[in-house]
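I have placed the structure first, in the form of structure tokens, so that the comments after it can refer back to it.
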2 protein chains.
Amino acid sequence: MPVNQRPQVVILGGGFGGLYAVQSLKYVPVDVILIDRRNFHLFQPLLYQVATGWLSPANIASTLRIVLRAQKNARILLAEATDIDVNNRHVILNIGKIPYDTLIVATGSRHHYFGNDQWESLAPGLKTIEDAIEIRRRIFLSFEAAEREVSAQRSPGQLTFIIIGGGPTGVELAGAVADIVNDTLTNDFRRINQSDVQILLVEAADRILTTYPVELAKKAESFLNQAGVSVKGSSTVTAIDESGVSIKYGEVIERIPCRTVLWAAGVCASFLGTVLTRQTGAKLDRSGRLLVEPDLSLRGHPEIFVIGDLANYLHQTGHPLPGIAPVAMQQGRYVARLLSRRIAGKTTIPFHYKDRGNMAIVGRGTAVADLRGIHITGFWAWLAWLFVHLINLVVFENRVLVLIQWGWYYFRRDRAARLITGDRYTR
Amino acid sequence: MPVNQRPQVVILGGGFGGLYAVQSLKYVPVDVILIDRRNFHLFQPLLYQVATGWLSPANIASTLRIVLRAQKNARILLAEATDIDVNNRHVILNIGKIPYDTLIVATGSRHHYFGNDQWESLAPGLKTIEDAIEIRRRIFLSFEAAEREVSAQRSPGQLTFIIIGGGPTGVELAGAVADIVNDTLTNDFRRINQSDVQILLVEAADRILTTYPVELAKKAESFLNQAGVSVKGSSTVTAIDESGVSIKYGEVIERIPCRTVLWAAGVCASFLGTVLTRQTGAKLDRSGRLLVEPDLSLRGHPEIFVIGDLANYLHQTGHPLPGIAPVAMQQGRYVARLLSRRIAGKTTIPFHYKDRGNMAIVGRGTAVADLRGIHITGFWAWLAWLFVHLINLVVFENRVLVLIQWGWYYFRRDRAARLITGDRYTR
């Protein structure tokens, strides 16, 4: 690498935090290098719609090179960070190493099986495009396999879907599977009755959507029940295998035959948290997130910032901020502005998350929203959810394509992207 | 299976031949069972646009259950045919067996490496969605890998693309790779110059597009040259490995370093041809196709029809009909009508292919078309190509989505679907 006149800002991860940091550095006199393993930014809030055959992967993925095409001070490197050398200010990549003056780590989180890693192949989680395609394959293959036999001859649990974890992702997945059953089964599958299908949403806490007000969580649960989803609160999963799931409620363990299990129960921060802890002494929380300073840097390392799901920022509320896109986006923008002010020799103020509200979609035509104390539920919350997510899609073309497909699905109830692809597409 | 009152027509394969046969049987008093390994009909003529990051897989795939939703006399079974028992009139599937009164075999063809099966992983062909995603991954990963290094340090052949086979698919792929280079390289990749890239189209015959009039083939070659593709006629590939390709021209063998090789050279009919030969004595041609009777049945087996790429129909011109969608579609419709007339006790006439012309796309804004002797080249041929392919997309939603993406690409030159996905997405 040639020696630069301008400070070199290396950003690890092109998710919401990393991408917004790059874009906010556009007019700052620095050279930016964005490093990601993938060549696209993924709009994760819509990933469950890929997993349930509503949208195509490309509709929610924006090629980083297209997004940043006009930004002259940014370069993109498709590579994987394997280590960080804090003393020499180098990031170690699978393809070499790269020096930084400032480092922004925004590598996010991955789903986590609480020590039961063998569950991963049995109950896939939803973090990547590949995850979504695999979940899509499993859901639609279940219906295809069931259609081959009349009810009496089906293997037990063939049409049982268990979603583990009652946060927004679990609620979205459960609601979307119920929508598939209600919308398409009677037309498309002639040997399956709605009553053959069982959808369970399992949550360890006593209610779903624990980060939402109780009233909204109750409303979401009643929407789910109406759509045909049974919610099992205060229940933990004790075993998963090919033929079913064991669920513990109080002292009782129930065995439920099930062929399709989806995991939405826990996430764990990127392994770079551990790397940085070892080198800087920064503390990790239980979920593997790094405790950051009021300006999102690591203690004693004003040149290293950690943002998004990998950061635990306690200075605003005393609790971690939620692991959602708006937090990451605001943190990315904040760090860019801070660097700009630092270069200009100006003082900086601590990060402050501006909470504009929380929304979870429950199914076709229903959502719950908590807009700073104002609660909206049902159709209008759903429309608001669609609108907010649509305008936040990074590429205009995707907004058009997603809007058309949403409209199409809403009126026709067709899920056009329900392809079964991959290596095993028949049984 | 319960005994039916109405004759049971089993159709193997939901491609152009099989799907059009099912749809044309809608008002015929038979029960139709369509068996396919995949849950969608694939619009193969646009597959190269998925491979080159222009369209999404779902845009050119139509879920069979949606397409046939309103057809009461048709059932769909997601299964793989492994054998046929002609004497007992059963198809053996991976999930059991199914009886037929009439059998229509439309299982198509697969690419073929002329005895060099070890080339498959080195030079993928383009027949399935998975093939297209793999080719897309290889093309865009080549550019990403090249962007990491300045020219002098790049491994040899990093930006060399060799497309083997100068038929329509090879021409489309070569033209599309050239478009990628011309449209996006200078904007999106800052260390790659157009002059670093080499695109070769290798053809064993002395010219490309051998099924087209010489004049059109020459025109296509000159379009390709202008776009930056070198056409190597009268050349055969003698070796492919990780680092390059050996090409024989006359007595000279040239070794070309190359990291991305695509195969568009040959197809071989489905293995069910061999199964049927063994059981009925029907003859196979060199490409594994079954020689069929004037009514597309097998000799001595008026209850078995073979259509599409698996059939070799010599009765019209003395030569095989081309392996293209219009032939398969017309054959599917023909067999449906023949069955209808047979049931009604009417006489039948031999199949006759109505040739409406041939079109090949060469690149963005250029194509060649032979419309029954009228030759069109360039922009108008390209528009005609787009129009014909757009109206033939089975699902209306896909027509809308494809049209938008074509328009987008034409004016913006963005290939929005250029995701690198799969297991290996960095190096």
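The values are calculated or read from the model by the stated rules, or taken from the named source; none is laboratory data. Remember, it's a predicted structure, so these values are computed and weren't measured experimentally. Counting neighbours? That spans all protein chains shown, and the Cβs are built from the backbone with ideal geometry, glycine included.
Details
- Scanning segment A:351-368 for residues that are in contact with a helix residue (DSSP H, G or I) (Cβ under 8 Å, 6 or more places away or on another chain) and touching a residue at least 60 places away in the same chain (Cβ under 8 Å) turns up A:Ala360, A:Ile361, A:Val362, A:Gly363, A:Arg364, A:Thr366, A:Val368.
Condition check ((1) within 14 Å of chain B (Cβ to nearest Cβ); (2) in contact with a Phe, Trp or Tyr (Cβ under 7 Å, 6 or more places away or on another chain); (3) under 30 Å from B:Leu34 (Cα atoms); (4) surrounded by fewer than 21 Cβ atoms within 10 Å (Cβ to Cβ)) across all residues:
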position	(1), (2), (3), (4)
A:Ile162	no, no, no, no
A:Ile192	yes, yes, yes, no
A:Gly228	no, no, no, yes
A:Ser243	no, no, yes, yes
A:Ala264	no, no, no, no
A:Cys268	no, no, no, yes
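- For B:Ile180: the one exception among (1) at pLDDT 95 or above; (2) closer than 25 Å to B:Ala369 by Cβ: (1)
- Odd one out for B:Arg6 among (1) in contact with a Pro (Cβ under 8 Å, 6 or more places away or on another chain); (2) in contact (Cβ under 8 Å) with a residue 12 or more places away in the chain; (3) more than 22 Å from B:Arg333 (Cβ to Cβ): (3)
- Checking A:Asp309 against (1) surrounded by fewer than 18 Cβ atoms within 10 Å (Cβ to Cβ); (2) under 30 Å from A:Ile247 (Cα atoms), the condition it does not meet: (1)
- The strands (runs of 3 or more DSSP E) located wholly in segment A:190-272 that include 1 or more residues which are over 22 Å from the mean Cα position of the chain (by Cα) and within 28 Å of A:Arg148 (Cβ to Cβ) occupy A:198-202, A:229-232, A:235-241, A:244-249, A:252-257.
- Here B:Ile199 passes the criteria (1) closer than 27 Å to B:Arg372 by Cβ; (2) modelled with pLDDT of 95 or more; (3) buried (at least 20 other Cβ atoms within 10 Å of the Cβ); (4) touching a Gly at 6+ places or on another chain (Cβ under 8 Å) except the one numbered (1).
- First in segment A:274-287 and in the same structural domain as A:Tyr313 (by TED's automatic domain parsing), second anywhere and loosely packed, with under 13 Cβ neighbours inside 10 Å, Cβ under 9 Å, 6 or more apart: A:Gln279/A:Asn87; A:Thr280/A:Gly300; A:Gly281/A:Gly300; A:Ala282/A:Gly300
- Some residue of segment B:167-174 being of a type in the set (S, T, N, Q) and surrounded by fewer than 16 Cβ atoms within 10 Å (Cβ to Cβ): no
- Checked against (1) outside any loop (DSSP other than H, G, I, E, B); (2) farther than 18 Å from B:Gln226 by Cα, B:Asp179 meets all criteria but (2).
- Condition broken by A:Lys219, with the remaining ones in (1) closer than 20 Å to A:Gly357 by Cα; (2) loosely packed, with under 14 Cβ neighbours inside 10 Å satisfied: (2)
- All positions within segment B:92-126 that are charged (D, E, K, R) and modelled with pLDDT of 95 or more: B:Asp101
Rundown of residues vs (1) under 23 Å from B:Asp85 (Cα atoms); (2) outside the structural domain of B:Gly18 (by TED's automatic domain parsing), yes/no style:
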| position | (1), (2) |
| --- | --- |
| B:Ile253 | no, yes |
| B:Ile256 | no, yes |
| B:Val292 | yes, no |
| B:Arg299 | yes, no |
| B:Val306 | yes, no |
| B:Asp309 | yes, no |
| B:Asn312 | yes, no |
| B:Gln316 | no, no |
| B:His352 | no, yes |
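- Checking A:Leu386, A:Leu419 one by one, the residue that is in a helix (DSSP H, G or I) and either more than 10 Å from every other protein chain (Cβ to nearest Cβ) or in contact with a strand residue (DSSP E or B) (Cβ under 7 Å, 6 or more places away or on another chain) (or both) is A:Leu386 and no other.
- Positions within segment B:288-297 being crowded, with 18+ Cβ neighbours inside 10 Å and under 18 Å from B:Thr347 (Cα atoms), in sequence order: B:Glu293, B:Leu296, B:Ser297
- Condition met for B:Ser297 (under 27 Å from B:His41 (Cβ atoms), without any contact (Cβ under 8 Å) to a residue 12 or more places away in the chain and not charged (D, E, K, R)): yes
- Considering residues of segment A:366-382 that are small (Gly, Ala, Ser) and surrounded by 15 or more Cβ atoms within 10 Å (Cβ to Cβ) only, the residue farthest from A:Trp408 (Cα to Cα): A:Ala369
- A count restricted to segment B:348-380 and to residues that are at pLDDT 95 or above, of a type in the set (Ser, Thr, Tyr) and in a loop (DSSP other than H, G, I, E, B) stands at 1.
- Scan of segment B:383-418 for residues that are surrounded by 18 or more Cβ atoms within 10 Å (Cβ to Cβ), free of Cβ contacts under 8 Å to residues at least 40 places away in the same chain and among the β-branched types (Val, Ile, Thr), ordered by number: none
- Among the candidates B:Gly323, B:Gly266, B:Gly300, B:Gly281, the residue that is among the small types (Gly, Ala, Ser) and touching a helix residue (DSSP H, G or I) at 6+ places or on another chain (Cβ under 6 Å) is uniquely B:Gly323.
- Of the residues making up segment B:348-358, those that are closer than 14 Å to B:Gly167 by Cα and either crowded, with 23+ Cβ neighbours inside 10 Å or of a type in the set (Gly, Ala, Ser) (or both) number 0.
- Whichever residue in segment A:393-416 is facing chain B (nearest Cβ under 9 Å) and not in a helix (DSSP H, G or I) and, among such residues, is farthest from the chain's Cα centre (by Cα): A:Asp414
- Residue ID - nearest to B:Arg255 (Cα to Cα), chosen from residues in segment B:148-158 that are in contact with a helix residue (DSSP H, G or I) (Cβ under 7 Å, 6 or more places away or on another chain) and assigned to a loop (DSSP other than H, G, I, E, B): B:Gln158
- Residues (of a type in the set (A, V, I, L, M, F, W, C), touching a residue at least 40 places away in the same chain (Cβ under 8 Å) and under 20 Å from B:Pro124 (Cβ atoms)) located in segment B:231-252: B:Val237, B:Ile240, B:Val245, B:Ile247
- Of the criteria (1) over 26 Å from A:Ser24 (Cα atoms); (2) aliphatic (A, V, I, L, M); (3) away from chain B (no Cβ under 14 Å), which one A:Ala344 fails: (1)
- Among the residues of this structure, B:Glu203 does not count as one that is among the acidic types (Asp, Glu), closer than 24 Å to A:Arg37 by Cα, touching a residue at least 12 places away in the same chain (Cβ under 8 Å) and out of contact with any helix residue (DSSP H, G or I) (no Cβ under 6 Å at 6 or more places or on another chain).
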